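Worksheet: the structure to be examined is printed underneath.
The values are calculated or read from the model by the stated rules, or taken from the named source; none is laboratory data. Bear in mind that the values here come from a model prediction, so they are computed numbers and not experimental data. Please note: Cβ atoms are built from the backbone with ideal geometry, for glycine as well, and neighbour counts cover all protein chains shown. Just the protein is used for accessible areas: all its heavy atoms, side chains included, with ligands, DNA and RNA removed. Shrake-Rupley method; radii C 1.70, N 1.55, O 1.52, S 1.80 Å.
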Amino acid sequence: MHQLRQRLRSWLAPLRRLPLHPQWLLSRQGKARLAWVQARAQGRVLDVGCADQSMRSQLPGITEYLGLDYPSTATALYRTQPGVFADAASLPLADGVFDTVLLLDVLEHLAEPEAALREAGRVLRPGGSVLITVPFCYPLHDQPHDYQRWTEHALRRRLAQAGFEVLELAEASDAHAAAGVTQALTLGQAAVEALSRPGWRLLGLPLLLAGIVLVNLQAWCLSRVWPVQGLMPGAYHLRARRPLAVQPAPMPASTATMLCSLAAPTECSFPAGGRQ
């Protein structure tokens, strides 16, 4: 089924901007997310969980970009080559060298998200910002490494515990859009299962495809006319700052020996275990 799903993704890619696609609502939200990051990322940027490093070319206002990802994630899942292979919970980078750290759709995939937040604070200069996007109402993905979802209140608590001051925390989509994304993806999954097991289920395939279109358009209309906030957001966008007066948390002894400069990022070693 995995191979079938990959082929369908490839075939449907040109339709991503049409409501026939199960992720049509997500693609619209992705544009807003990019604009949000572009307006806030500045200076020297560390992109943790960078995948294909697409942000490198989409942040024209920054002075330097370093993409970092876990070895198995980059090579096996995305087949990319980041600037540094490393564990988000134990960064082989010096203290206070970045102006912005990006954690975009990353924290839900970390077994130790609190450690990753502390590390982000450590490598930020005083006054530097971490930009975070995380899903809330969204199906399981990248399994088995999908570990958690947080409410707004849990996010504020986690950031405070890591020594950050939360400056912005906003819902990325309202309840109508979140419900629409979930329902459209569910119908898409039902279509994949019908194709993978030919039989009577194939007779219902046109209904599933029509349902995706109707769900997408209904959710889009309702979220524009009657937006419902504070009930079931699809995701959160969060910006937090490392306070000027707070010293970075002490690093574990195993990390202290792994510091490296930005002069030769590809020479950094990475720890065993960590980000999946």
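When only residues in the range 45-76 that are among the charged types (D, E, K, R) and touching a residue at least 60 places away in the same chain (Cβ under 8 Å) count, which is nearest to LEU107 (Cα to Cα)?
Per the stated criteria, the residue is ASP69.
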Self-check item: Residues that are among the charged types (D, E, K, R) and either on the phi > 0 side of the Ramachandran plot or in a loop (DSSP other than H, G, I, E, B) (or both), drawn from the range 66-111
Solution: ARG79, ASP95, ASP105
Quiz item: What pairs come up if the first residue lies in the range 25-43 and is closer than 17 Å to PHE98 by Cβ, the second is open to solvent by 70 Å² or more (accessible area, probe 1.4 Å), and their beta carbons are under 7 Å apart, counting only those six or more places apart or on different chains?
Solution: GLY43/THR63
Exercise. Report, ordered by the first and then the second residue, all pairs with beta carbons closer than 6 Å, sequence separation of six or more or different chains, a first member in the range 125-138 that is touching a residue at least 24 places away in the same chain (Cβ under 8 Å) and on the phi > 0 side of the Ramachandran plot, and a second member that is open to solvent by 10 Å² or more (accessible area, probe 1.4 Å) and among the aliphatic types (A, V, I, L, M).
Key: GLY127/LEU244
Self-check item: Search result, residues across the range 48-84 that are of a type in the set (Asp, Glu) and modelled with pLDDT under 90
Solution: ASP52
Quiz prompt | Members of the range 77-92 that are touching a residue at least 40 places away in the same chain (Cβ under 8 Å) and either within 14 Å of VAL130 (Cβ to Cβ) or in contact with a strand residue (DSSP E or B) (Cβ under 6 Å, 6 or more places away or on another chain) (or both) | solution = GLY83, VAL84, ALA86, ALA88, LEU91
Quiz prompt | Search result, residues across the range 42-65 that are hydrophobic (A, V, I, L, M, F, W, C) and either assigned to a strand (DSSP E or B) or more than 17 Å from PRO82 (Cβ to Cβ) (or both) | solution = VAL45, LEU46, VAL48
Quiz prompt | For GLU114: the one exception among (1) in a helix (DSSP H, G or I); (2) open to solvent by less than 20 Å² (accessible area, probe 1.4 Å) | solution = (2)
Quiz item: Among the residues of the range 229-241 satisfying the criterion of being open to solvent by 20 Å² or more (accessible area, probe 1.4 Å) and touching a Leu at 6+ places or on another chain (Cβ under 7 Å), which is nearest to GLY127 (Cα to Cα)?
Solution: ARG241
Quiz item: Looking at the range 24-36, which of its residues are more than 16 Å from CYS221 (Cα to Cα) and either open to solvent by 50 Å² or more (accessible area, probe 1.4 Å) or modelled with pLDDT of 95 or more (or both)?
Solution: LYS31, ALA32, ARG33, LEU34, ALA35, TRP36
Practice problem: Quickly run through the range 36-90 and pick out the residues that are within 14 Å of the chain's Cα centre (by Cα) and acidic (Asp, Glu). | Solution: ASP47, ASP52, ASP69
Quiz item: What pairs can you find where one residue is in the range 155-175 and within 16 Å of GLU119 (Cα to Cα), the other is open to solvent by less than 30 Å² (accessible area, probe 1.4 Å) and in a helix (DSSP H, G or I), and their Cβ atoms are less than 6 Å apart, with a gap of 6+ or different chains?
Solution: ALA162/LEU117; ALA162/GLY121; GLY163/GLY121
